[in-house]
Amino acid sequence: MLENAVNNFVTFAPLGMVLVAMFGIGVAEGSGYISALLKRTVQMTPAMLVTPMVVFLGVMSNIASDAGYVVLVPLGALIFMSFGRHPLAGLAAGFAGVSGGFSANLIVGTIDPMLAGLSTEAAKMIDPNYAVAPTANMFFMIVSTFLITILGWFVTDKIVEPRLSKSSLEKDVKDDGSLGNLSDKEKKAMTAANLTFVAMVVGLVALILMPNSFLRNLEADSFLNSIVDHSPFMNGLIPIVALLFFVPSVVYGKIAGTVKNEKEVASHMSKAMSSMGGYLCLAFVASQFISYFNYTNLGTIIAVTGASILESANIGTIPLLIGFILITAVINLFMGSASAKWAIMAPVFIPMFLKLNIDPAIVQTAYRIADS
């Protein structure tokens, strides 16, 4: 416990992945690029689609971790008010998207490598060679994004807003037209940043598809990982995602004037790292916790015993996962952090379900449903 404490911490898989991803996300948030994208998207939205757009942007905002709570929830109230609708309905729609759709997305965000790293560490208690990729839940999360958007749209327009009375709040607060508007410089900066992002994605796709590319596994002739073959693209996905955020954000900041030199870029990255202080403390404790489980075989004992009980119950995979979702949902009332809960639950439930031949990626999916 004393000799390996530091090594347990620095070799903890989710630690490096999350911190590297946050370098790019931090610059995107600090430069104002993410905020500008949210505002511009809303401005271009027709009145009839304002509700699904607010919910959708709430879901998508979690790519910058908790930034959606700060930017989009109050912005949702202002957006609804500018369309002559009740601001509380907009606030509720934004919150529903950000919180109810937390970790669902169309692309890989910071929560994906965090959970995947914890799942990998837990799965290795049973299978030392098992690895859960950051993209393991990607297809499910893509579909969830649209499902949550549709449900949020229906609930807001048909249930929530009709029950809100026309209060003095709505009469007294006026939108002066400047709320959420972008300056000409910000519009120019966002256009340049978006073109940079598209160019990078096109270049990345070209490299992935190009035969004998350094991003492909040449032996398997694939850009995807298999059990025995690993591709540089999949193994390097986290720094690639960080770069896809970092470069357009610097372009945006330079043109918009929010990033004047390399010192300010470093300052935004430093600010992102300072916001990870709580996560670093959690990672230290979680790394020791999982290491002790491995060393004592306690995790394996609990998994084998629990799996035997569940197997003898013979209730089937779907009821087991539903039960797991309900347990997690109850725990969620007392512990809000997605990573903190999973750091405690993964070493117990992943090996247990793995003994029942239920893939850790599926267990992780069930957890993300319950956490949201």
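The values are calculated or read from the model by the stated rules, or taken from the named source; none is laboratory data. Predicted model, so just to flag it, every value in this text is computed and none were measured. Here the Cβ positions follow ideal geometry from the backbone for every residue, glycine too, while neighbour counts run over all protein chains shown. Note: accessible area is taken over every heavy atom of the protein model, side chains too, but ligands, DNA and RNA are not part of it. Shrake-Rupley method; radii C 1.70, N 1.55, O 1.52, S 1.80 Å.
Only one of the numbered conditions (1) at pLDDT 90 or above; (2) open to solvent by 80 Å² or more (accessible area, probe 1.4 Å) is not met by Gly203, and that is (2).
Please tell me if Asp371 is crowded, with 20+ Cβ neighbours inside 10 Å and acidic (Asp, Glu). The answer is yes for Asp371.
Are any residues in the range 121-132 part of a loop (DSSP other than H, G, I, E, B) and open to solvent by less than 40 Å² (accessible area, probe 1.4 Å), and if so, which ones? Matches in the range 121-132: Met125, Val132.
Scanning the range 1-58 for residues that are in contact with an Asp or Glu (Cβ under 9 Å, 6 or more places away or on another chain) and surrounded by fewer than 20 Cβ atoms within 10 Å (Cβ to Cβ) yields a single hit, Arg40. Note on the range 1-66: enclosed helices (runs of 4 or more DSSP H) holding 1 or more residues that are in contact with a helix residue (DSSP H, G or I) (Cβ under 9 Å, 6 or more places away or on another chain) and under 25 Å from Leu195 (Cβ atoms) are 13-30, 33-43, 50-60. In the range 328-363, of all residues being outside any helix (DSSP H, G or I) and touching a residue at least 40 places away in the same chain (Cβ under 8 Å), the one that is surrounded by the fewest Cβ atoms within 10 Å (Cβ to Cβ) corresponds to Ser337. For the criterion of being modelled with pLDDT under 85 and closer than 22 Å to Ile107 by Cβ, Phe197 fails. Restricted to the range 140-193, and to residues there that are at pLDDT below 90 and basic (Lys, Arg), the residue that is surrounded by the most Cβ atoms within 10 Å (Cβ to Cβ) is Lys187.
Does the range 101-111 contain at least one residue that is open to solvent by 30 Å² or more (accessible area, probe 1.4 Å) and at pLDDT 85 or above? Checking the range 101-111: at least one residue is open to solvent by 30 Å² or more (accessible area, probe 1.4 Å) and at pLDDT 85 or above.
For Cys281, the criteria (1) of a type in the set (A, V, I, L, M, F, W, C); (2) under 30 Å from Gly24 (Cβ atoms); (3) in contact (Cβ under 8 Å) with a residue 40 or more places away in the chain hold in every case but one, which is (3).
Pick from the range 306-318 the residues that are in contact with a helix residue (DSSP H, G or I) (Cβ under 9 Å, 6 or more places away or on another chain) and assigned to a helix (DSSP H, G or I): which of them is modelled with the highest pLDDT? Here the residue is Thr317.
A single entry from Ala303, Ala283 fulfils the requirement of being modelled with pLDDT under 85, in a helix (DSSP H, G or I) and among the aliphatic types (A, V, I, L, M): Ala303.
Applying the criterion of being closer than 18 Å to Leu15 by Cα and open to solvent by less than 80 Å² (accessible area, probe 1.4 Å) to the residues of the range 258-274, the residue that is farthest from the chain's Cα centre (by Cα) is Ser270. Could we say that Phe223 is open to solvent by less than 60 Å² (accessible area, probe 1.4 Å) and modelled with pLDDT under 85 here? In short, no.
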